[in-house]
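Since the structure comes first, as structure tokens, the remarks are kept for the end.
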2 protein chains.
Amino acid sequence: MSLILKNVVLDGEKKDIYIEGNEIKKIGNNLNLKAEEKIDGKEEKAILPGLINCHTHAAMTLFRGYGEDMTLNDWLKKKIWPLEAKLTEEDVYWGTKLACLEMIKTGTTCFNDMYWLEEASAIASEEMGVRAVIGLTVLDFLKAGNKEKVEEKRDILKKRKFNIIKFSVSPHAIYTVSKENLIWAKDFAKKNNLLFHMHVSETEEEVKNCQKRYKLRPVEFLEKIGVLDENTVLAHTVWLSDKEIKILAKRKCSVVYNPCSNLKLAVGGIFPYKKMKENNVNVCLGTDGAASNNNLDLFEEMKIGALLQKHREKNPLIANVKEVFNWATINGARALKINAGKIKEGKLADLILIDLKKTFFSPGHNFLSDIIYSGSGPSVSDSICNGRILMRDGKVEREREIMKRVKKIAENLIKKAK
Amino acid sequence: MSLILKNVVLDGEKKDIYIEGNEIKKIGNNLNLKAEEKIDGKEEKAILPGLINCHTHAAMTLFRGYGEDMTLNDWLKKKIWPLEAKLTEEDVYWGTKLACLEMIKTGTTCFNDMYWLEEASAIASEEMGVRAVIGLTVLDFLKAGNKEKVEEKRDILKKRKFNIIKFSVSPHAIYTVSKENLIWAKDFAKKNNLLFHMHVSETEEEVKNCQKRYKLRPVEFLEKIGVLDENTVLAHTVWLSDKEIKILAKRKCSVVYNPCSNLKLAVGGIFPYKKMKENNVNVCLGTDGAASNNNLDLFEEMKIGALLQKHREKNPLIANVKEVFNWATINGARALKINAGKIKEGKLADLILIDLKKTFFSPGHNFLSDIIYSGSGPSVSDSICNGRILMRDGKVEREREIMKRVKKIAENLIKKAK
């Protein structure tokens, strides 16, 4: 497959971009190359790298808005867990499809997922054409989350042919996975050359309990058991000491800031970006699941994430637009080890077009600032992942069908749980 | 003029709504009424009251993204003031037009404005069809902001015929308007039956300076000079003592929460919503100007405003979806004394339709929660103000023309200021 993008605005200049297979082959002026598909931006569409969502639970779109304004404990016990207990592979498949549809519509071309019934998530993402790292979840209390099951799942998935899906090992958290199982999980990840993705230090309570149990703070504990390295992606990392940040830097871990979810669940703290930056820790961005956000729009996350840092440090200079854009693009690519996040010849063709006719880009003094602070997901007009057009002029194939099916799935799920 | 809305979803049920002139005349099932205009929602569009933006500086859309990530002081002195010094009525007219276009597109049907060259703002808003309260600005250092000029402006504006525009007296702040002029302004407002709209307690510095100058905190000072009553609308009110909140409650003032702007300018504090609520103060929502936000999308403001309160109080139960929706609708109507903010027979026909086909409303467990936390301005498909259709299926008349004109205006302005 080949694709040519004509007259798109790249860094303020009109350009043509030629894509062959899944790769950006040529960027230039008035390229005279034939391609099977064409999109003409007519100088009214800007091009950006597709955004990368480094922490989500895609299938949880099924629970969007189900149980609002509750304590975390009540919400989990009364609302989410009863539904999750009844969840089938079909449910996860359709929930992930809806998530992918929303990501396509809002400019995300790659996501890092953690949920179970992983095969269903992987198949759904592959079909939708959205690049994903699907976590093989390790969770002590979940039958499907124990060692044998994880090994079994890995074997099943190895036999399938996926083009744009890879896998990670995803222990849920230090309070739901034993020390032994964490060590096993990292070992398993190393042997299979997989990323290691987990929740860390989301709440102060988690830190206190860890100190009680292991006499160490969470990151100190993870360092001690040897699971931290450049293939480790840690979500949340809100409650950290300076010492812990230095450990993360030394081990070259990536961390994922989830501003909306952290506020919504009232975790109390704000991600310590300034210190992360001072220590050159690789900072990425995530939406968390739609149940605690409640959408998967990384544009919102960029805005709220930037604003919140200015507030935290009482300094409007913190988290400038270039840095914030990197959180959602190149830093995410670095964390997930994919050759994307930047528009350059030789990079993967994971690209989005922005409709400059929206008022949010008027008068247009500073495009990047308009992207972070003014536009939002619905400003995206076209999405391309792995060289394939997933959305053209705001339209995605079969979108109505997905939404109708998800409605039925969600209604059924509630009935089953009652 | 008459208008019928067929098959729109109101509080989860299919309804028809008949509008005559500027008023909601009849709400019912399968209404068999003839009307000059018709919109069929086909049960795929939900209806809501138009949102009310209680604090903005509309014409500042001209400066969107001009000077980003700077200290307030640098930004004003190096960027904004040099431009504002060159501002003409034509500039303000087009800047306000762009703001109105953006409000129409994102579901705001009424706004409370503070800027100068007020006649240009009023004419632009009236032409665009967006209801507005335009502040006659009082500002000691501005020639156009002194007593005589304000009286003159009032006389000029009285002679014009406006249908959907009314006026307020808007002293900028206690640090830019003398005590004498504040007293005069309130007196002038009372005599002319106008609202009184000003900035109060946005920063801690403002509070400290007020204490130094007047030996009182800002709200105590305003109470002492007698300017607080039910016709007073105070923007920001971030830094307040408990005593000040009680004064605001006693005087039945309205206050305007501007979450994005407060974070972006790093004012340090967070609007004390919980205490405001406990004291029954009327809480409204504002975007502030596009230069410090950087858009006029009240949906974003609802989401960020709600999230921020959960964070502030470390309690996810604070600011539930119903309360937050009231900030942006009925509470705003109360503050601005307009008969809107609610869908009811006899109310003004200021209404918006939401496109339920967006993924943000899928699966659709809780519509209000989807509105606050998942959807955003671009979910609005149709806007009606004062019974007139301003947007139909995402399209507004002459929108391209406005954006092209604004681009030229903004470029010229920068040239003039250099």
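Nothing in this text is a laboratory measurement; each read-out follows from the coordinates by a stated rule. Small disclaimer: the values here were computed from a predicted structure and weren't measured. Note that we place each Cβ from the backbone using ideal geometry, even for glycine, and neighbour counts take in every protein chain shown.
Worth a mention:
- Take each residue of peptide B:133-144, count the partner chain Cβ atoms within 10 Å of its Cβ, and average: the result is 0.
- Evaluated at q = 0.06, 0.07, 0.08, 0.12 Å⁻¹: base-10 log I(q)/I(0), Debye formula over Cα of chain B: -0.23, -0.31, -0.41, -0.96
- Counting only alpha carbon atoms, the long axis of helix A:89-105 and the longest principal axis of chain A meet at about 40°.
- Here segment B:1-138 is treated as an ellipsoid with the same Cα gyration tensor; its semi-axes, largest first and in whole Å, are 39, 16, 11.
- In terms of overall dimensions, segment B:267-418 has a Cα radius of gyration and Dmax of 18.0, 54 angstrom.
- Contact order normalised by residue count of segment B:97-247, Cα under 8 Å, 6+ apart, percent: 18 percent
- Here the 3J(HN,Hα) profile of segment B:352-364, calculated from phi with Karplus coefficients 6.51, -1.76 and 1.60 at θ = phi - 60°, is 10, 10, 10, 7, 6, 7, 6, 4, 4, 9, 10, x, x Hz, Gly and Pro shown as x.
- Hz values of 3J(HN,Hα) by residue in segment B:108-121 - Karplus curve (6.51, -1.76, 1.60), Gly and Pro given as x: 9, 10, 8, 9, 10, 10, 9, 6, 10, 6, 5, 4, 5, 4
- Compared with the direct C-alpha span, the chain from A:ARG213 to A:LYS77 gains 46.5 nm at full extension, assuming 0.36 nm per residue.
- Shape category assigned to segment B:135-232 from the gyration tensor of Cα positions, a/c cut at 1.5: prolate
- Taking a ≥ b ≥ c as the square roots of the eigenvalues of the Cα gyration tensor, an a/c ratio of 1.5 or more together with a/b no larger than b/c marks segment A:309-382 as oblate.
- The protein assembly as shown - Rg and Dmax from Cα coordinates, angstrom: 26.8, 84
- Measuring nothing but how far apart in sequence close Cα pairs (under 8 Å, 6+ apart) lie, relative to its length, chain B scores a relative contact order of 21 percent.
- Its residues counted as N, segment A:177-327 yields a C-alpha radius of gyration over 2.2 N^0.38 Å of 1.03.
- Ordered by the number of other Cβ atoms lying within 10 Å of each residue's own Cβ, fewest first, A:LEU136, B:LEU76, A:LEU308, B:LEU195 fall into the sequence B:LEU76, B:LEU195, A:LEU308, A:LEU136.
- The residue list A:ILE304, B:CYS110, A:ILE384 was ranked by how far each Cα lies along the charge dipole of the protein assembly as shown toward its positive end, using unit charges on Cβ atoms, and A:ILE304 comes out on top.
- The HN-Hα couplings worked out from phi for segment B:8-23 by the Karplus form 6.51 cos²θ - 1.76 cosθ + 1.60 (θ = phi - 60°) are 9, 8, 10, 6, x, 10, 5, 9, 10, 10, 10, 10, 10, x, 9, 10 Hz, whole numbers, x standing for Gly and Pro.
- Taken over segment A:331-418, the alpha-carbon convex hull comes to 176 cubic angstrom per residue.
- Cα long-axis angle, helix A:399-417 against chain A (0 to 90 degrees, to the nearest 10): 10 degrees
- About its Cα centre, the dipole of chain B is roughly 480 debye, where the only charges are +1 on Lys and Arg Cβ and -1 on Asp and Glu Cβ.
- Each Lys and Arg Cβ is given +1 and each Asp and Glu Cβ -1; about its Cα centre, the protein assembly as shown then shows a dipole of about 660 debye.
- Per DSSP, loop trypsin sites (Lys or Arg not before Pro) in segment A:176-245 with at most 12 further Cβ within 10 Å: A:LYS215
- Axis of helix A:179-191 versus longest Cα principal axis of chain A: the two differ by about 40°, to the nearest ten degrees.
- Cross-link partners for B:LYS408 among the aspartates and glutamates, with Cα-Cα distance under 14 Å and sequence neighbours closer than 8 places in the same chain left out: B:GLU90, B:ASP91.
- Between the residues A:ASN366, A:ILE27, B:MET198, the greatest Cα displacement towards the positive end of the dipole of the protein assembly as shown, with unit charges on the Cβ of Lys, Arg, Asp and Glu, is found for B:MET198.
- Chain A - Cys residues lacking any other Cys C-beta under 4.7 Å: A:CYS100, A:CYS110, A:CYS210, A:CYS253, A:CYS260, A:CYS385
- Exposure proxy order (Cβ contacts within 10 Å, fewest to most) of B:ILE245, B:ILE24: B:ILE245, B:ILE24
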